[in-house]
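What follows is a set of notes on a single structure, which appears directly below.
The values are calculated or read from the model by the stated rules, or taken from the named source; none is laboratory data. Small disclaimer: the values here were computed from a predicted structure and weren't measured. No Cβ is skipped: glycine too gets one built from the backbone with ideal geometry, and neighbour counts run over all protein chains shown.
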Amino acid sequence: MENNCFNMTKLCPDAHNTLGTVCIFGTGDFGRSLGLRLLQAGYSVVFGSRNPQNSSLLPKGAQVLSHVEAAQTSRVIFIAVHRENYEFLSAFSQELAGKVLVDISNNLMKNQYPESNAEYLAKLLPQANVVKAFNTVSAWALQSGSLDASRQVFVCGDNSESKQMVMDIARSLGLTALDQGSLLAAKELENYPLQLFPLWRLPIYIATGLTAAFFIYCVLTDIVYTFVTEGKNNSYRIVISIANRVCPIVSLIMLSLCYLPGVIAAILQLYNGTKYKRFPDWLDKWMLCRKQLGLVALAFAFLHVLYSLIIPIRYYVRQRQNIYIISQVKDNKTLTFDSTMSWRSDSFYSLGILGFSFYVLLGITSLPSVSNMVNWREFRFVQSKLGHITLLLCTAHTLVYGWNKFLYVSRYKWYLPPAYVLSLIVPCIVLVLKLILITPCVDRVITRIRQGWERKSVHVLHDTSGQPLFL
Amino acid sequence: MENNCFNMTKLCPDAHNTLGTVCIFGTGDFGRSLGLRLLQAGYSVVFGSRNPQNSSLLPKGAQVLSHVEAAQTSRVIFIAVHRENYEFLSAFSQELAGKVLVDISNNLMKNQYPESNAEYLAKLLPQANVVKAFNTVSAWALQSGSLDASRQVFVCGDNSESKQMVMDIARSLGLTALDQGSLLAAKELENYPLQLFPLWRLPIYIATGLTAAFFIYCVLTDIVYTFVTEGKNNSYRIVISIANRVCPIVSLIMLSLCYLPGVIAAILQLYNGTKYKRFPDWLDKWMLCRKQLGLVALAFAFLHVLYSLIIPIRYYVRQRQNIYIISQVKDNKTLTFDSTMSWRSDSFYSLGILGFSFYVLLGITSLPSVSNMVNWREFRFVQSKLGHITLLLCTAHTLVYGWNKFLYVSRYKWYLPPAYVLSLIVPCIVLVLKLILITPCVDRVITRIRQGWERKSVHVLHDTSGQPLFL
Amino acid sequence: MENNCFNMTKLCPDAHNTLGTVCIFGTGDFGRSLGLRLLQAGYSVVFGSRNPQNSSLLPKGAQVLSHVEAAQTSRVIFIAVHRENYEFLSAFSQELAGKVLVDISNNLMKNQYPESNAEYLAKLLPQANVVKAFNTVSAWALQSGSLDASRQVFVCGDNSESKQMVMDIARSLGLTALDQGSLLAAKELENYPLQLFPLWRLPIYIATGLTAAFFIYCVLTDIVYTFVTEGKNNSYRIVISIANRVCPIVSLIMLSLCYLPGVIAAILQLYNGTKYKRFPDWLDKWMLCRKQLGLVALAFAFLHVLYSLIIPIRYYVRQRQNIYIISQVKDNKTLTFDSTMSWRSDSFYSLGILGFSFYVLLGITSLPSVSNMVNWREFRFVQSKLGHITLLLCTAHTLVYGWNKFLYVSRYKWYLPPAYVLSLIVPCIVLVLKLILITPCVDRVITRIRQGWERKSVHVLHDTSGQPLFL
């Protein structure tokens, strides 16, 4: 994890400067940090400023000139000014023609302007080669050199040679330059630093909602019910007993939600008789966040495992156990060993352990560096085959937990079924549908559809629609 | 894990198309998906087809021309036809001269043809620049944009400039382009999407074999033996008790199999007196899958940990414990505390915990992104030093488990030793051999051999053989 | 984890050799391994040697010529000789002018020479284009093809085209080439293979020191004290009971040490009224190894979890429990259930479980491949927000553990406070300071300072100092 090994070229700012000259327009915070970093890496740095005389905070070794003079010293010019001030650059359009202008700007909100800052700059100065880069690196990261976070510099632009020059500069600063294609990608690059786990939102909202709902349900049927009917205060059960009932329920439901959209998609494709009909929007969104759904489900399973393993050292459990034994002794009872109970208890735990192990395996293969290593066939094998086996194991674990409890009326407090029964609905639906989909006759049709085959009727239908039916 | 951030440029197909024109031969599934993706990224797309009039399913915005006309529109031509139809391309050899032909084909089996499709294409059209690329990306991944799996496009070809052009296109589609060298690599690229965890096979076969063997052994000596001699049915012990005996045994043996080839290699080098003599094939293969052996071993250790931690909440254990206490009370016995037993039990657990922690550490450092971060010296330190310490700890854990049990005849059911004794054989051999190899006198010789030194006699021997003795 | 898929082009050495000729000066171990690898990849290889007649061990298919002749066959020359012998190369300065010289040398010690080997070579042969590369790849890795460790070839040099040529060669050998900028980076590249976890040293020293100190402290107050005052030998408690007391203490202190420098830095910035004043050296170093501090802390937390979960199956615990119950039965006592105790015990475990889960989450996000995927804002969110929540949860876990024990004089053996009290000092300081820093009024000032704002007085001060106050 020595990712800091190359991140700071420990050079004095007055090093040989053999790498040529780089110009920076703007003497703000980012401009100054970038200037110092460039000096340290061995570049000559020239700042372009409105008041070249009055720029006291600039790093030692950097020159300060007027914009026009500065522009003449270098082919690459970093534009470290706000978008609002881009207008004034059009005054120098002559001097900037043919130069590589690096747009490093960020906005305060996503999609703040109809067009990206870089495209706006390119429109203002059509003769310059605008490259979007460095906006994902913070001034702090440049300054401190302790780039704990990403060292990736995303670069996009319409001119290959200009991009190459900017990527070379990024690399000589010890950063990783990644070509992101044409300037059309600038909008995405500008939105990137503003986003906060966009794909995680939906899964986390779902998890929060489910947790709250089942928590209230369990408190009602367990604690409130006991208090109302027997007058006993069981509230201490909230901390672990209830938590350990809610966690596995949420985990199981979210795991099945992870595989439900795939099943729905297959049914839609079967129904439409083609794969070229676009899925509804909600299904697309759902499918995009399956990985995040799965990882949140894994987190809940992890909590469930810890909560379960901690059981025997809880005061509540030990004390209850002690009281039970002492009462047995006093009543002179003899305990018998029931081998069916043993089978059931051990199967329950064994299914849970195997399910959790596969769960963890799925989690590991979704690490970016691991999933990059596997090919499409292997990825499908792990995420689809192993995924459904995990779901099957976890559902079986819950079924064995329930056993025949659902037969006893006493379990239905206030006519409400136990919470675990509710948690089984979605997983069982997914498993049954999946089972139908993998029967040979259905599977054959789906495979053909996925290879591009279409049912005639549909073909005609979308031909007349005249619209591209690809996604 | 926001790996979807850049994977789909959300553009309407009728965008500016500033990125130039790309030609696609073939209107099959992959061709159409690629065409749509290129249109979305801002390219103009021209399809080359036999029946330009009759290509109704193509994405809107794409042109369809005859092959000859289409070829003239672009320098880069994607060949989205099957290898069987490559022959017909030779008719256009004139038009395709100097073009960049991107071979995106895949086969149905590994090494289906003596030469790779790309090399075959290059032979058919010697004046064109053939580049192998995009065959590792699926049509589905291109279409849906939800590239959960790999976004890596492996590129190989003999002409640098052509490769660069194809890599630029891949990047502008939001994919990661990786240069894999000359067209000689095409065969590997074509085999890549067909493989299903090739390096994991041997370790998984070994694990399955060992698991089956020890499972049967334990069932025999534990359950069948009890049933035959005492008439008691202990079969409920299969689910967890037996499983938790088999898992650590398999894990320990596989961990030692992970370090055995290194020891054998060192002995072979000592014996040969040179490092330039090739190892036997089986040893090479064995050494290549050491990482996978270790990870499978870790999975079994993980199961063992979970199975062990679940012990106190099993019905079987709790009930037996209760029955025991009640009988003690009834018989009016007093329990005494044996501090030696406490030492032994705690050492046993402590060694296991430390061993497992090192195990997990080894697993983490074998994650691709982590092992990329460490240099050769650090990698060797972790995998060799820490690896052998792990093996030592786990072997000690098993030895303390055994303690003096092996002295009692009653443990040898049907004259068979307890399973754990069998599991100790390989680890102990590895540890003893390693101990001998790291003694200063032996270590000095090995180090010299590994630095290129050779014993005279051998030198002469392989000189006369006249063959290159490098691997 | 199939990272071996492309690492060895399985070609016979007498393949087409279409990739051009590469020259290697020096016939030592690395030179020979490299030569064989190049032949396998399809290059023609020419060795330059002092005694071309007497080079028997070279791979078949390679030519051996004198240095002058060899130099004329290729534009790229690998210099596989020791730095001590570079002098002799100046004799061929004419022949080497304009050539790409690849310096692959390594030293025996860090910073062995005032200038890097590559820079020294460039000075000796100013007309050649020196590129530093391949020094981070071992001969063994090249030979065996089983590149379990890093496949990264770091390349630096002052001439872009030359670097590109060397990177192309690296890629055609199946390695990953990474541009590291100008030849100024050569010193770092040469130090890189010699380092052994440099950033892990301080954290590991701290962990070792803390572990030793608290271990002795616990042995004193627990075992020695009992032995001296009661004459009882409790030494069996060392193995797990004491270990499980030391682990969480070290983990908690190290976690707080991970967040202390950030708090100190904020206070320093507040005090200085600017962010442009350099932090003291010790603080910089401390901040650089925060990630490693956190991961070592996580390892100790992991041990603590395993040690805690193993509690109920320890002989010591079970036996003590049995003795307790039997004595209760004999004395005819009735146990009562204390619901406050239950609340306390369950809250204690629940806080610990949540704390550990967040801990693991922090660990996962510090995996290189995961942290590369998040942007700056997300990284800050996870590492700062979630990090402080983790610290808060773990501190609360310890506080609940202590409860009111610190009130009882009997706990203060030899007037020493229980160890857990000592472990709370640093975390509480960090949390209180952090709490002050995030109050709106203080937070506003810090935010302004971090955006580049400065207090006037300071501005003048560092203007007069005339030094660049950037880091």
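Looking across B:ALA71, B:ALA97, one residue alone is crowded, with 21+ Cβ neighbours inside 10 Å, farther than 26 Å from B:GLN152 by Cα, without any contact (Cβ under 8 Å) to a residue 60 or more places away in the chain and assigned by TED's automatic domain parsing to the domain that holds B:MET165. It is B:ALA71.
The residue list B:ILE446, B:ILE425 contains one member that is farther than 29 Å from A:SER371 by Cα, without any contact (Cβ under 8 Å) to a residue 40 or more places away in the chain, surrounded by fewer than 20 Cβ atoms within 10 Å (Cβ to Cβ) and in the same structural domain as B:ALA301 (by TED's automatic domain parsing), which is B:ILE425. Tell me, yes or no, whether the stretch A:327-340 has at least one residue that is more than 12 Å from chain B (Cβ to nearest Cβ) and either under 18 Å from A:LYS291 (Cβ atoms) or out of contact with any Lys or Arg (no Cβ under 6 Å at 6 or more places or on another chain) (or both). Checked against the condition, which is being more than 12 Å from chain B (Cβ to nearest Cβ) and either under 18 Å from A:LYS291 (Cβ atoms) or out of contact with any Lys or Arg (no Cβ under 6 Å at 6 or more places or on another chain) (or both), the stretch A:327-340 yields no hits at all. Going residue by residue through the stretch C:110-117, is there one that turns out to be surrounded by fewer than 24 Cβ atoms within 10 Å (Cβ to Cβ), within 14 Å of chain B (Cβ to nearest Cβ) and touching a helix residue (DSSP H, G or I) at 6+ places or on another chain (Cβ under 6 Å)? Taking every residue of the stretch C:110-117 in turn, at least one turns out to be surrounded by fewer than 24 Cβ atoms within 10 Å (Cβ to Cβ), within 14 Å of chain B (Cβ to nearest Cβ) and touching a helix residue (DSSP H, G or I) at 6+ places or on another chain (Cβ under 6 Å). Residue selection: A:LEU288 fails the criterion of being at pLDDT below 95, surrounded by fewer than 17 Cβ atoms within 10 Å (Cβ to Cβ) and under 20 Å from A:TRP200 (Cα atoms).
Residues that are more than 10 Å from chain B (Cβ to nearest Cβ) and touching a Cys at 6+ places or on another chain (Cβ under 6 Å) do not occur anywhere in the stretch A:393-412. Scanning the stretch B:76-94 for residues that are out of contact with any His (no Cβ under 9 Å at 6 or more places or on another chain) and either closer than 23 Å to B:ALA139 by Cβ or within 14 Å of chain A (Cβ to nearest Cβ) (or both) turns up B:VAL76, B:ILE77, B:PHE78, B:ILE79, B:ALA80, B:VAL81, B:HIS82, B:ARG83, B:GLU84, B:ASN85, B:TYR86. Has the stretch A:297-320 got at least one residue that is of a type in the set (S, T, N, Q) and closer than 30 Å to A:CYS247 by Cα? Checked against the condition, which is being of a type in the set (S, T, N, Q) and closer than 30 Å to A:CYS247 by Cα, the stretch A:297-320 yields at least one hit.
In this entry, A:PHE381 passes the filter for residues that are under 27 Å from B:ASN107 (Cα atoms), surrounded by fewer than 22 Cβ atoms within 10 Å (Cβ to Cβ) and at the interface with chain B (Cβ under 7 Å from one of its Cβ atoms). For the condition in a loop (DSSP other than H, G, I, E, B) and not charged (D, E, K, R), C:ASN85 does not qualify.
Of all residues assigned to the stretch C:331-344, none qualifies as being within 31 Å of the chain's Cα centre (by Cα) and either surrounded by fewer than 18 Cβ atoms within 10 Å (Cβ to Cβ) or farther than 26 Å from A:ASN322 by Cα (or both).
Step by step: first the residues of the stretch B:356-376, then only those that are within 21 Å of B:PRO261 (Cβ to Cβ) and not hydrophobic (A, V, I, L, M, F, W, C), then the one that is farthest from the other protein chains (Cβ to nearest Cβ). Which residue is that? Ranking the qualifying residues of the stretch B:356-376, first place goes to B:TYR359. Is it the case, given these coordinates, that A:GLY61 is in the same structural domain as A:GLN164 (by TED's automatic domain parsing), touching a Pro at 6+ places or on another chain (Cβ under 8 Å) and crowded, with 23+ Cβ neighbours inside 10 Å? Judged against the criteria, A:GLY61 is not a match.
Summed over the stretch A:312-366, the residues that are of a type in the set (A, V, I, L, M, F, W, C), touching a residue at least 40 places away in the same chain (Cβ under 8 Å) and farther than 26 Å from C:ILE311 by Cα give a count of 1.
Just one of C:SER66, C:SER74, C:SER49, C:SER33 is at pLDDT 90 or above and either within 17 Å of C:LEU101 (Cα to Cα) or under 34 Å from the mean Cα position of the chain (by Cα) (or both); which is it? Testing whether each residue is at pLDDT 90 or above and either within 17 Å of C:LEU101 (Cα to Cα) or under 34 Å from the mean Cα position of the chain (by Cα) (or both) leaves just C:SER74. As a summary of the residue check, A:ALA297 satisfies the conditions (1) out of contact with any Pro (no Cβ under 7 Å at 6 or more places or on another chain); (2) within 10 Å of another protein chain (Cβ to nearest Cβ); (3) surrounded by 21 or more Cβ atoms within 10 Å (Cβ to Cβ) except for the one numbered (2).
Scanning for something surrounded by 20 or more Cβ atoms within 10 Å (Cβ to Cβ) and of a type in the set (A, V, I, L, M), does the stretch A:265-274 turn up at least one residue? For the stretch A:265-274, residues surrounded by 20 or more Cβ atoms within 10 Å (Cβ to Cβ) and of a type in the set (A, V, I, L, M): present. Taken over the stretch A:188-230, the criterion of being within 14 Å of chain C (Cβ to nearest Cβ) and farther than 30 Å from A:PHE154 by Cα is satisfied by A:ALA207, A:THR211, A:PHE215, A:ILE223, A:THR226, A:PHE227. Residues in the stretch A:384-414 that are among the small types (Gly, Ala, Ser) and either in contact (Cβ under 8 Å) with a residue 12 or more places away in the chain or surrounded by 14 or more Cβ atoms within 10 Å (Cβ to Cβ) (or both): A:SER384, A:GLY387, A:ALA396, A:GLY402.
Residue under question is C:LYS285, and the condition is that it be not in a helix (DSSP H, G or I) and not hydroxyl-bearing (Ser, Thr, Tyr); does it hold? No; evaluated as a whole, the condition is false for this residue. The criterion of at least 2 residues that are within 25 Å of C:ASN135 (Cα to Cα) and of a type in the set (Ser, Thr, Tyr) is met, among helices (runs of 4 or more DSSP H) falling completely within the stretch B:347-417, by B:368-371.
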